[in-house]
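Readers should treat all values here as calculations from the given coordinates under stated rules, not as data from a laboratory. Just so you know, these numbers come straight off a predicted model, no measurement behind them. Glycine also receives a Cβ, built like all others from the backbone with ideal geometry; neighbour counts cover every protein chain displayed.
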Amino acid sequence: MTVRLRAHHLLCVLTYVGRGYSPAFVENYEAIATRLSEGEEIELVAGPDDICGPLTADPEAHCHGPGVIERDRVAADAIARLIGSPLPPGARLTPSAALIARLRKTFATGEIRAACSGCEWAGLCDHVADGDYLGVKVSVYHSCEK
C-alpha cells in the first residue's frame, strides 16, 4: 500500500497531534498517521489526497481551492531543495526516521514553512514544534536506523 499525500501535507504530518476539521477527518488522519509511522511509502499527488478524503464530497471544501494548490507548490519546492531531489506528482518517499527528523528540524527553524503562511493551523503547529514535537502521531522508528 501507499499513502497518497499532496505536498503541503508532507509538512502537516510533522505536527499532527490528533486535531482536525471533524471527527471523521481525525479518524481518517489517525489511520494515515499509523501507516506512516509503520514506514508505508508516500506517493506525492496533485490535488486532494488520502488526508483530504473525508472533505472531498463538499465542492466548497478548501482542498479544491487555488490557495491550497499554491500551498502545495511552495511546500514541494521547499522540501525538494532540502532533500536535493525534485518532488513532482508521482514522486515517492519513504518516511524514514532520518527523513522525518530532518524535516522536523527544518520545520522548527522555519526553513521549510513558507507554505504554512496563512494556514489556520499554523499556531498549533508552532506550539507543537516549539514543544519538541511532544504528542505527535507520526513517529517513525525503524529498528535498522539509529
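A few points about this structure:
- The residues packed around V74, meaning those with a beta-carbon under 14 Å from its beta-carbon, carry a net charge of +1 if Lys and Arg are +1 and Asp and Glu are -1.
- For the residues E43, E30, E70, a GNM of the chain with alpha-carbon springs under 10 Å puts the largest fluctuation on E70.
- Build a GNM of the chain with springs between Cα atoms under 10 Å apart, and of D72, D130, D49 the one that fluctuates most is D130.
- Label-to-label distance, nm, for residues given as E41 and V26 (7 Å Cα→Cβ offset): 3.3 nm
- Relative contact order of the chain: 35 percent, from C-alpha pairs under 8 Å at least 6 residues apart in sequence.
- Applying 0.36 nm per residue to the separation of H62 and W121 and subtracting their alpha-carbon distance, the gain on full extension is 19.9 nm.
- Given the choices (1) 44, 32, 30; (2) 35, 31, 28; (3) 106, 38, 21, Cα extents along the principal axes in Å derived from the coordinates of this structure is entry (1).
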